[in-house]
1. Determine, yes or no, whether Thr93 is under 14 Å from the mean Cα position of the chain (by Cα), polar (S, T, N, Q) and crowded, with 21+ Cβ neighbours inside 10 Å.
2. What are the pairs with Cβ atoms under 7 angstrom where one residue, in region 51-72, is under 17 Å from Gly120 (Cβ atoms) and the other, located anywhere, is small (Gly, Ala, Ser) and at pLDDT below 95? Sequence gap at least six, or different chains.
3. Which of the residues spanning region 101-125 are among the aliphatic types (A, V, I, L, M) and exposed (fewer than 15 other Cβ atoms within 10 Å of the Cβ)?
4. Taking the conditions exactly as written (in contact with an Asp or Glu (Cβ under 8 Å, 6 or more places away or on another chain), free of Cβ contacts under 8 Å to residues at least 60 places away in the same chain, assigned to a helix (DSSP H, G or I) and within 21 Å of Glu162 (Cβ to Cβ)), does Ser28 satisfy them or not?
5. Just checking, which of Phe87, Phe148 is of a type outside the set (Lys, Arg) and closer than 22 Å to Asp37 by Cα?
6. Run down Leu54, Leu69 and say which single residue is of a type outside the set (S, T, N, Q) and either modelled with pLDDT of 95 or more or over 30 Å from Glu162 (Cα atoms) (or both).
7. Being assigned to a helix (DSSP H, G or I), more than 23 Å from Gln156 (Cβ to Cβ) and touching a Leu at 6+ places or on another chain (Cβ under 8 Å) narrows it down to one of Leu43, Leu60, Leu68, so name that one.
8. Got a sec? Which of Pro91, Pro135 is part of a loop (DSSP other than H, G, I, E, B) and at pLDDT 90 or above?
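The values are calculated or read from the model by the stated rules, or taken from the named source; none is laboratory data. Source: prediction; values computed, not measured. Here the Cβ is made from the backbone with ideal geometry for all residues, glycine too, and neighbour counts use every protein chain on show.
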Amino acid sequence: MQGYGLSAPSARRRSAPEDSGVVFKRESVTERLKELDVVLALLRRYADKTPADLQADLALRWIVERGLLAGATLIFDVADHILAAHFTLYPQTYRESLERLRDRGVISPSLWEKMATFAGLRNILAHEYMTIDIPKVHRQFLRALETFPQFQREVQEWLDREGKGHGDK
């Protein structure tokens, strides 16, 4: 499986200075969307698993949880880059990142509604792993199989509209 050599946003959100000069790089976004394909390919192998399967098999549960965490991290990394470099926005929370993408027309309101809970899930998987609700993780897992590809499509459509095929803003 490919790398995860991409920089991931930290759990604690940071504000960039007004003159940060972040440059929009289309290839940075497309790299992460491609890496999300890798994550999705692995997660799809386990689409038939039940909450009981996850409860009974710790290795399986870790695969699903790590896949969800990796996918969510890639999504929020894409969101952060688009918002900072294209819109000069620096949201303080993951949920706010998705809201700003919605507000700026990068993702649809219907996708935002489906994805709003991923912000909290990412933090739970990263920081509260001792108290994970397995049925909830399973529901989010099944939702991710639908929403992660939709996120890819909508961001790619936005890139095509905004960039007209050019590399940087």
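1. no
2. Leu69/Ala126
3. Once the filter is applied, which keeps residues that are among the aliphatic types (A, V, I, L, M) and exposed (fewer than 15 other Cβ atoms within 10 Å of the Cβ), region 101-125 yields only Ala116.
4. Taking the combined requirement at face value, the residue does not satisfy it.
5. Phe148
6. Step by step, each of Leu54, Leu69 is checked, and only Leu54 is of a type outside the set (S, T, N, Q) and either modelled with pLDDT of 95 or more or over 30 Å from Glu162 (Cα atoms) (or both).
7. Numbers: Leu43 fails: more than 23 Å from Gln156 (Cβ to Cβ); Leu68 fails: more than 23 Å from Gln156 (Cβ to Cβ).
So the residue among Leu43, Leu60, Leu68 that is assigned to a helix (DSSP H, G or I), more than 23 Å from Gln156 (Cβ to Cβ) and touching a Leu at 6+ places or on another chain (Cβ under 8 Å) is Leu60.
8. Working: Pro135 fails: part of a loop (DSSP other than H, G, I, E, B).
None of the others qualify; the one that does is Pro91.
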